[in-house]
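Have a look at the structure below before the remarks.
The values are calculated or read from the model by the stated rules, or taken from the named source; none is laboratory data. In this text the structure is predicted, and so the values were computed from the model without any measurement. Don't worry about glycine lacking a Cβ; one is built from the backbone with ideal geometry, like all the others, and counts go over all protein chains shown. Ligands, DNA and RNA are excluded from the accessible area calculation, which covers all protein heavy atoms including side chains. Shrake-Rupley method; radii C 1.70, N 1.55, O 1.52, S 1.80 Å.
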Amino acid sequence: MSSQAQEQDEGPGGARRYRREDVAAAAGVKVRNLRYYQERGLLPPPRREGRIAWYSDDHLTRLRLISDLLGRGYTVNGIGELLAAWEQGGGLSQLLGLEREMTRDWVREEPVTMTRAELRELFGPAATAEDTRRAAEAGYVRVEGDLVTYPNRRLLEATVALVRQGVPLGEILDAGDFLQIQAAALADRFVGLFRRHVIGPDGLERLSATRLDQISAAVAALRPVAGEVVAAEFARAMARRVEAEVAELLRTEQ
């Protein structure tokens, strides 16, 4: 995205804003659904500047909520009644705020973009076209014409360090596949614990505005420590495994 396009995405005060096509894409809905949701009272109208309709993060959050409710079997009329009930009870703003709180800032990445020639220079003959294809499928890189973007600088630096130590890139990708599976299973486990013991069996529909605020605060408190817990346990496991490996090597040398 050009710098001009990025500037157009910020409204007064630096607030994020979206054109119709962009907010629809971010929410995973069709553009024509926006007008339909507005006509049915599910979505507030956008803010207009001349001929341009600008949508906000609040619109995006509500669109995601509507999609989630549709996916869970609610009808459009049922969603309208549910939103109206939340608004009358004062809980809609808390619910939308909770959705934002629960989904933001889990991933903080510093992207790195380079040309294909720079990529070849960085990895040398260790990187093949098949490796690039696998990395793109796994979400480690994005390839757009002659440009290759690594969404996460730290993962790029770790990969380069391993390659320069002689580890084949294909085996690094194998380890990445394994790590993604394990990370998904771990995330499922912890989200399930949070759902059962923090949110409770009634879900979000019957919770009061006060309870929604409490859950939002719990998410905010847990987010910064979640990664630290996993990193600490991995460090402990690595320490035990490396110690055992060193002991085995010493026995082999005797």
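Among the residues of this structure, R47 does not count as one that is closer than 29 Å to A187 by Cβ, open to solvent by 80 Å² or more (accessible area, probe 1.4 Å) and either modelled with pLDDT of 80 or more or in contact with a Pro (Cβ under 8 Å, 6 or more places away or on another chain) (or both).
I need the full set of residues from the stretch 14-53 which are β-branched (V, I, T) and touching a strand residue (DSSP E or B) at 6+ places or on another chain (Cβ under 9 Å), in order please.
The first filter runs over the stretch 14-53 and keeps only residues β-branched (V, I, T), leaving 23, 29, 31, 52.
V23 - this is the single residue of the stretch 14-53 that is β-branched (V, I, T) and touching a strand residue (DSSP E or B) at 6+ places or on another chain (Cβ under 9 Å).
Select from the stretch 160-182 the residues that are without any contact (Cβ under 8 Å) to a residue 12 or more places away in the chain and within 22 Å of the chain's Cα centre (by Cα) and write down the one among them that is farthest from A218 (Cα to Cα). Show your work before the answer.
Initial filter on the stretch 160-182 (without any contact (Cβ under 8 Å) to a residue 12 or more places away in the chain): 161-162, 164-167, 171, 174-175, 178-179, 181-182.
When the remaining residues are screened for being within 22 Å of the chain's Cα centre (by Cα), the result is 175, 178-179, 181-182.
Values: A175: 33, F178: 30, L179: 27, I181: 26, Q182: 25 Å.
Among those residues, the one meeting the criterion is A175.
Among the residues making up the stretch 17-27, those that are open to solvent by less than 50 Å² (accessible area, probe 1.4 Å) and part of a helix (DSSP H, G or I) are V23, A24, A26, A27. Does any residue of the stretch 50-59 turn out to be at positive phi and either under 27 Å from the mean Cα position of the chain (by Cα) or open to solvent by 60 Å² or more (accessible area, probe 1.4 Å) (or both)? Yes, the stretch 50-59 contains at least one residue that is at positive phi and either under 27 Å from the mean Cα position of the chain (by Cα) or open to solvent by 60 Å² or more (accessible area, probe 1.4 Å) (or both). Filter the stretch 117-146 down to residues that are in contact with a strand residue (DSSP E or B) (Cβ under 6 Å, 6 or more places away or on another chain) and touching a residue at least 12 places away in the same chain (Cβ under 8 Å) and give me whichever is surrounded by the fewest Cβ atoms within 10 Å (Cβ to Cβ). Among those residues, the one meeting the criterion is D146. The residues of the stretch 147-159 that are surrounded by 17 or more Cβ atoms within 10 Å (Cβ to Cβ) and part of a helix (DSSP H, G or I), listed by number, are L156, T159. Determine, yes or no, whether G90 is modelled with pLDDT under 80 and either outside any helix (DSSP H, G or I) or over 26 Å from I215 (Cα atoms) (or both). Yes; evaluated as a whole, the condition is true for this residue. Do we find that M114 is modelled with pLDDT of 90 or more and not polar (S, T, N, Q) in this structure? When the stated conditions are applied, M114 passes them.
Evaluated against (1) of a type in the set (A, V, I, L, M); (2) assigned to a helix (DSSP H, G or I); (3) at pLDDT 90 or above, L186 falls short on exactly one condition, (3).
If I go through the stretch 28-75 residue by residue, how many of them are in a loop (DSSP other than H, G, I, E, B), of a type in the set (G, A, S) and under 20 Å from R16 (Cβ atoms)? Before the answer, list the steps.
Let us first name the residues in the stretch 28-75 that are in a loop (DSSP other than H, G, I, E, B), namely 28-30, 40-46, 50-51, 72-75.
Within this subset, residues satisfying the condition of being of a type in the set (G, A, S) are 28, 41, 50, 73.
Now restrict to residues that are under 20 Å from R16 (Cβ atoms): 28, 50.
Here the count works out to 2.
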